[in-house]
Each structure stands twice: as C-alpha cells, then as structure tokens.
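This report refers to the structure that appears directly beneath it.
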Amino acid sequence: MTTAPPPLPFINVPLPPTAPPHFAPPSFEQTKQEAREILLAGAEYPLPPTVLRHQDRVLERVYNLLADTGTGCHRLYVLEIAGPIPRVKIGRSNDPRGRIRGHVATSNCHQFGLIDAHVTDPVDDQLSAQRAETEAHIGVGRRHKPMAGSREIFPHADFTFASLWADLAVIRQHNSRESW
C-alpha cells in the first residue's frame, strides 16, 4: 500500500497579517522619487525604463483627467521636469495632451524627464487663457527667477506652488468673466 507524501511545511501556511502582498506595484510617489533621483544623477539617453514607466504613469493621469473633463478646451498646464537642472514649466494649450507629449519627447532627448504634471480646469477662450498664463508666470516669478530667455520655465521651482498659481489664475479669469 502506498502512502501520500508528508505535506510540505510551507504549503497552506497563512501569511502574517503585516506582510504586504508581493505583487503590489509601487506607489506613484515611490516611482516619482526613484525617477527624480535617476534624472538628477544625470541619466543618459535613452532614459532608463524606470523613468519611462513613471512618465507613462504621469501621462496616464493627465489623459484620464482630460477624458473626464473634456478635451479641446484652453487650459494651463504645469510640468515638473527633472534632470541636471530640475525645472517647472507653465504653458497653455487647447490641446494639452498633445502639447505635453511634445514637451516629454523633447525633454527626453536632452536627458530630462517628466516627473509630474498638472492641468487646470478649462478656460473660456484664448484671451482668458493668455491672461491666466501671464498671471501664473508673474506669480511664480515672484519666488523663482525664470530661466534666461524664457518666461515659462523656472529652474529649481516648486511644482506645487506653480500648480496653485496656475489654478488661481484660471479661477480669477472665470471670476472676471462673470463680473461682465
């Protein structure tokens, strides 16, 4: 008569309750920090897969936001770009998805990478978008000096601060239109 082999000691043993699942992907903040460190250290072209994966996560967030709130509207966008000289860029577009994708492609060729992106609510018209962009540049420029030859790029600037200025500038444009 044959007998079953003895059970292996590690089968059907429950995991301790504090053990995290080993299939959980890293958080956005973890990949952001990892990509930033790689880029600040001077990544070579082509950029490492870690940086490219994080950029894809940033772009996916932007695309999802635009899909939820509509595309084809004038908006401001704020990009946090890391590299030998980290920077924040504030721009405007009626096609922010395509415009941001273009900035990413150009930045990657120069060993810079997208770390985070913010897109504001839509602005009613092109003139309001231009006014909001100018106001955001001036507001951020009070704390951070723009890069030589550009009024849109701020080296070593605070991304959150720039995003707040962009949002405030858009809100002010909405409020000024309502007072007409």
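The values are calculated or read from the model by the stated rules, or taken from the named source; none is laboratory data. Since the model is a prediction, treat every value here as computed from it, not as a measurement. Don't worry about glycine lacking a Cβ; one is built from the backbone with ideal geometry, like all the others, and counts go over all protein chains shown.
Close Cβ contacts (under 7 Å, 6 or more residues apart or on different chains) running from residues in the stretch 101-118 that are without any contact (Cβ under 8 Å) to a residue 60 or more places away in the chain and in a helix (DSSP H, G or I) to residues that are crowded, with 17+ Cβ neighbours inside 10 Å and among the basic types (Lys, Arg) comprise HIS103/LYS89. Residues that are among the β-branched types (Val, Ile, Thr) and closer than 14 Å to ILE115 by Cα within the stretch 68-89 comprise VAL78, ILE81, ILE85, VAL88, listed in sequence order. Selection of the stretch 33-66 for residues being surrounded by fewer than 14 Cβ atoms within 10 Å (Cβ to Cβ) and within 12 Å of ARG97 (Cα to Cα) yields GLU60, ASN64. All conditions in (1) touching a Gly at 6+ places or on another chain (Cβ under 6 Å); (2) among the β-branched types (Val, Ile, Thr); (3) surrounded by fewer than 16 Cβ atoms within 10 Å (Cβ to Cβ) hold for THR69, with the sole exception of (1). Looking only at the stretch 2-22, decide whether some residue is surrounded by 10 or more Cβ atoms within 10 Å (Cβ to Cβ) and at pLDDT below 95. Scanning the stretch 2-22, I find no residue that is surrounded by 10 or more Cβ atoms within 10 Å (Cβ to Cβ) and at pLDDT below 95, so the answer is no.
Checking SER128, SER176 one by one, the residue that is in a helix (DSSP H, G or I), more than 19 Å from the chain's Cα centre (by Cα) and surrounded by 18 or more Cβ atoms within 10 Å (Cβ to Cβ) is SER128 and no other. Contact annotation: residue pairs with Cβ atoms under 8 Å, 6 or more positions apart or on different chains, pairing a residue in the stretch 71-88 that is under 22 Å from GLU135 (Cα atoms) with a partner that is among the aromatic types (Phe, Trp, Tyr) and not in a strand (DSSP E or B), are VAL78/PHE159; GLU80/PHE159; ILE81/PHE112; ARG87/PHE112; VAL88/PHE159.
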